[in-house]
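A short write-up of the structure that comes next.
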Amino acid sequence: DSFDLTIRNGRISNADNTFHADIGIKNGVITAIAKNLPKGAKDVDATGLWVLPGGIDSHTHIEQLSGMGVMCADDFYSGTVSAAFGGTTSILSFAAQHRKDRVKDVLEDYTRRAQEKAVIDYGFHLILTNPDEETLSRDLPDVIRDGVTSLKVYMTYDALKLDDCQLLDVLAVAGEHGAMVMLHAENHDMIRWIARRLLENGHIAPKYHAIAHDALAESEATHRAITLSRLVDVPVLIVHVAGSETVEIIRQARNLGASVYAESCPQYLFLQAEDIDRDGMEGAKFCCSPPPGDVRSQEAIWQGLKDGTLAVYSSDHAPYRFDGSGKLPKGEQTSFKEMANGVPGVELRLPLLFSEGVMKGRLTIEEFVALTSTNHAHMYGMASRKGSIQIGLDADLVLWDPEHKAQVAASKLHDNVGYTPYEGRTLQGWPVQVYSRGRCVVKDNTLQVERGSGQFIARDRPAPVVQRTGTSPGRNLFRRLTQLETFKK
Ligand code: DUC
Ligand code: ZN
Ligand code: ZN
Ligand code: ZN
C-alpha cells in the first residue's frame with residue numbers, strides 16, 4: 001500500500017480547518033492524510049509551503065464565440081495552462097447556444113474541442129438563449145442528466161436576453177431536474193436607453209460603457225431575478241456582482257430565507273469605475289459588464305465575501321486581444337457598444353485574493369479556500385470529487401509559497417491576451433507547485449503535462465451547502481435543510 005506520491009510536512013488548509021500533515025496519493029486520489037506517512041514513489045517536501053485544494057474557477061469564457069460574434073483569445077489549451085499556472089485545477093466554462101443551435105450540438109462541439117486541448121479538468125455551463133418547447137421538455141433535461149448541471153441565462157444583450165416569462169420557464173425546468181441557474185442580471189432597457197442618448201451625442205469612447213451600465217441597472221435586475229426565483233421556489237446564482245446596492249439586495253433576500261447565491265470576481269475588488277477613463281482606446285482594456293463600481297462597492301464586495309452573502313469568487317475570464325480581431329473590432333472607431341465586454345483574470349484570480357485578502361488580513365485562509373474552491377464544488381455538484389483535501393477525493397492540490405513576492409506583468413502570464421488590467425502590481429504569495437489528480441501540472445515555473453490530459457467532470461446535482469467559518473450552526477442547519485428540500489424532491 002505505498003503511494004504514487006506523498007506530499008509531506010505541508011501546512012494544509014481546508015474550508016473548515018488548518019493542520020500540519022502528510023498527504024498520500026494513489027491512482028490520482030487522496031488515500032491518506034496523517035503525520036509520518038511512508039515514502040511515496042515520488043516524495044515532495046512541502047516544508048514552509050501551504051497546501052490548499054486546487055482552485056476551482058467556475059466562471060471562465062474559453063474558446064467561446066461571444067454574443068456579438070467575437071472569438072475569445074484563449075482556446076482550451078492556453079486557457080487551461082493559464083489557469084493551472086495560477087493555482088486552478090478545475091474550470092467550468094460556457095458552452096454558448098446561439099439562437100438557431102440545438103443545445104445538444106452545442107455541448108458536443110465544446111466537449112470535443114476541450115477534450116483534445118485541456119490540461120486540467122473541466123466542465124460546462126450551458127448558455128441558454130432559446131428556451132423553446134423542445135429544449136425545455138427534452139434537450140435540457142438530457143443535458144442535465146449528462147452532467148451539465150448548470151446553465152447561464154441573460155437579462156440583457158439583444159442576442160442573448162430572455163424575458164421574465166422565459167426566465168420563469170427555465171427556472172422551473174432547472175428546479176425539476178436539479179440544475180443551478182446562473183443569472184446575468186442587468187436591466188436591458190435602462191442600458192439601451194442611456195446608451196442611445198450617449199451615442200446620439202457622439203459619446204463613443206470606452207468610458208461611456210461605465211455610464212451606460214449604471215449600477216441601478218444591476219440592482220434592479222438582481223431584485224427582479226430574485227423575485228422570479230422566489231415565485232417558483234428555485235435557487236438562483238447571481239454572477240459577477242459589482243455594486244454595493246446589489247450586495248445588499250442579495251443579503252436581504254438571504255435573510256428572508258431565499259435560496260439566492262452570488263458570485264463576485266477580481267475586477268470588482270481590484271478595479272474601479274474610473275479605470276476605464278483613459279486616453280484613446282486604452283480604457284477598453286478595463287471594459288467589463290457589469291462595470292466595476294466605486295470604493296464603497298469594493299468594500300461591499302469584500303464584506304459580502306467575508307460574511308457569505310457572496311459564496312463564490314471566480315475570474316469571469318473573458319479574454320480578448322487588444323487588436324482588430326478582439327476587443328476593438330473597428331479599431332479606433334469602435335464605440336463602447338461594440339467593444340468586447342470582459343477582462344482576463346484566470347491566472348491572477350487566486351494570487352490577487354491571496355495577496356490582498358489573506359496576506360493583508362481581510363480573509364482567513366479557510367475563507368479563501370471556501371471562496372476559491374470548496375463552495376464552487378458544492379454549488380455546481382462536484383463536491384464528491386473536488387474542492388477539499390479529504391480521503392477519497394481527487395488529489396487536486398496546490399502548494400503555495402506565502403513568502404514569494406512578484407510583480408504582475410502580462411509578459412509573464414500564460415494566456416493569449418497580451419495585456420492584464422493588473423499590470424505592475426506587486427503580490428505576495430504564489431502557487432509554486434500544482435497537482436491535478438496526483439499529476440504534477442506545474443513545477444519550477446514549467447508546465448509538466450501534455451495537452452488533452454484534462455478530463456471532463458460529469459457533475460451531480462448542485463447541493464449548495466455552503467460552509468462558512470463564523471456562521472452559527474443553527475443558521476447553517478436551517479439553510480442546509482431548506483436547500484436539501486429544494487433540490488432533492
Ligand atoms: N458577462 C460575463 O459573464 N462575462 C463577460 C461579459 C458579460 O456580460
Ligand atoms: Zn454575464
Ligand atoms: Zn462571464
Ligand atoms: Zn518563491
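Restricting to the stretch 40-70, count the residues that are away from ligand 4 (no atom under 16 Å from the Cβ) and either of a type in the set (Lys, Arg) or in contact (Cβ under 8 Å) with a residue 12 or more places away in the chain (or both).
As a first pass, look at the stretch 40-70 and keep what is away from ligand 4 (no atom under 16 Å from the Cβ): 40-43, 53-70.
In the following step, the residues that additionally are either of a type in the set (Lys, Arg) or in contact (Cβ under 8 Å) with a residue 12 or more places away in the chain (or both) were identified as 40-43, 53-68, 70.
So the answer is 21.
Output the number of residues of the stretch 146-192 satisfying the condition of being on the phi > 0 side of the Ramachandran plot and within 14 Å of ligand 2 (Cβ to nearest atom). Spell out the reasoning first.
Pass one, the stretch 146-192, residues on the phi > 0 side of the Ramachandran plot: 147, 157, 178.
Adding the requirement that they be within 14 Å of ligand 2 (Cβ to nearest atom) leaves 157.
Here the count works out to 1.
Tell me which residues, restricted to the stretch 309-330, are open to solvent by 30 Å² or more (accessible area, probe 1.4 Å) and either under 17 Å from the mean Cα position of the chain (by Cα) or of a type outside the set (Asp, Glu) (or both).
Looking only at the stretch 309-330, we keep the residues that are open to solvent by 30 Å² or more (accessible area, probe 1.4 Å), and these are 321-325, 329-330.
Those that are open to solvent by 30 Å² or more (accessible area, probe 1.4 Å) and either under 17 Å from the mean Cα position of the chain (by Cα) or of a type outside the set (Asp, Glu) (or both): 321, 322, 324, 325, 329, 330.
I need the full set of residues from the stretch 111-124 which are open to solvent by less than 10 Å² (accessible area, probe 1.4 Å) and part of a helix (DSSP H, G or I), in order please. Please lay out each step first, then the result.
From the stretch 111-124, those open to solvent by less than 10 Å² (accessible area, probe 1.4 Å) are 114, 118-124; that's our starting set.
114 - this is the single residue of the stretch 111-124 that is open to solvent by less than 10 Å² (accessible area, probe 1.4 Å) and part of a helix (DSSP H, G or I).
Looking at the stretch 386-435, which of the residues that are exposed (fewer than 15 other Cβ atoms within 10 Å of the Cβ) and among the charged types (D, E, K, R) is farthest from ligand 2 (Cβ to nearest atom)?
Once the filter is applied, the top-ranked residue is 403.
Suppose we filter the stretch 50-71 for residues that are farther than 17 Å from residue 373 by Cβ and modelled with pLDDT of 95 or more; how many remain? Spell out the reasoning first.
First, the residues of the stretch 50-71 that are farther than 17 Å from residue 373 by Cβ: 61-71.
Now restrict to residues that are modelled with pLDDT of 95 or more: 61-64.
Qualifying residue count for the region: 4.
Would you pick out the residues in the stretch 173-200 that are more than 16 Å from ligand 1 (Cβ to nearest atom), hydrophobic (A, V, I, L, M, F, W, C) and open to solvent by less than 10 Å² (accessible area, probe 1.4 Å)?
174, 179
What tally of residues in the stretch 309-330 results from selecting those that are in contact with a strand residue (DSSP E or B) (Cβ under 6 Å, 6 or more places away or on another chain), part of a loop (DSSP other than H, G, I, E, B) and hydrophobic (A, V, I, L, M, F, W, C)?
Residues that pass the stated criteria total 2.
What helices (runs of 4 or more DSSP H) completely inside the stretch 222-308 contain at least 2 residues that are within 23 Å of residue 427 (Cα to Cα) and open to solvent by 30 Å² or more (accessible area, probe 1.4 Å)? Talk me through it step by step, then tell me what you get.
Working: elements: 244-255, 266-270, 295-307.
In the stretch 222-308, the matching helices (runs of 4 or more DSSP H) lie at 295-307.
Go through the stretch 14-98 and tell me which strands (runs of 3 or more DSSP E), entirely inside it, have 2 or more residues that are within 16 Å of ligand 3 (Cβ to nearest atom) and open to solvent by less than 10 Å² (accessible area, probe 1.4 Å). Lay out the reasoning, then the answer.
On the way: elements: 18-26, 29-34, 40-45, 50-53, 55-60, 88-96.
Strands (runs of 3 or more DSSP E) meeting the threshold: 55-60, 88-96.
Among the residues in the stretch 189-205, are any touching a strand residue (DSSP E or B) at 6+ places or on another chain (Cβ under 7 Å) and of a type outside the set (S, T, N, Q)?
Going through the stretch 189-205, the residues touching a strand residue (DSSP E or B) at 6+ places or on another chain (Cβ under 7 Å) turn out to be none.
No - not one qualifying residue is present in the stretch 189-205.
Here's the yes/no breakdown for (1) within 16 Å of ligand 3 (Cβ to nearest atom); (2) under 20 Å from residue 265 (Cα atoms):
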{"residue": "361", "(1), (2)": "no, yes"}
{"residue": "376", "(1), (2)": "yes, yes"}
{"residue": "379", "(1), (2)": "yes, yes"}
{"residue": "384", "(1), (2)": "no, no"}
{"residue": "388", "(1), (2)": "no, no"}
{"residue": "403", "(1), (2)": "no, no"}
{"residue": "408", "(1), (2)": "no, yes"}
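Only one of 151, 168, 128 is within 16 Å of ligand 3 (Cβ to nearest atom) and in contact (Cβ under 8 Å) with a residue 40 or more places away in the chain; which? Break it down into steps so the answer makes sense when it comes.
Values: 151 fails: in contact (Cβ under 8 Å) with a residue 40 or more places away in the chain; 168 fails: within 16 Å of ligand 3 (Cβ to nearest atom).
Answer to the selection: 128.
Has the stretch 130-140 got any residue that is at pLDDT 95 or above, in a loop (DSSP other than H, G, I, E, B), more than 18 Å from residue 171 (Cα to Cα) and open to solvent by 10 Å² or more (accessible area, probe 1.4 Å)?
Pass one, the stretch 130-140, residues at pLDDT 95 or above: 130-140.
Narrowing further to those that are in a loop (DSSP other than H, G, I, E, B): 130-132.
Filter once more, so that each one left must be more than 18 Å from residue 171 (Cα to Cα): none.
No; the residues of the stretch 130-140 include none that is at pLDDT 95 or above, in a loop (DSSP other than H, G, I, E, B), more than 18 Å from residue 171 (Cα to Cα) and open to solvent by 10 Å² or more (accessible area, probe 1.4 Å).
The values are calculated or read from the model by the stated rules, or taken from the named source; none is laboratory data. Small disclaimer: the values here were computed from a predicted structure and weren't measured. Here Cβ is always computed from backbone atoms with ideal geometry, including for glycine, and neighbour counts include all displayed protein chains. We work out accessible area using only protein heavy atoms, side chains counted, and drop any ligands, DNA or RNA first. Shrake-Rupley method; radii C 1.70, N 1.55, O 1.52, S 1.80 Å.
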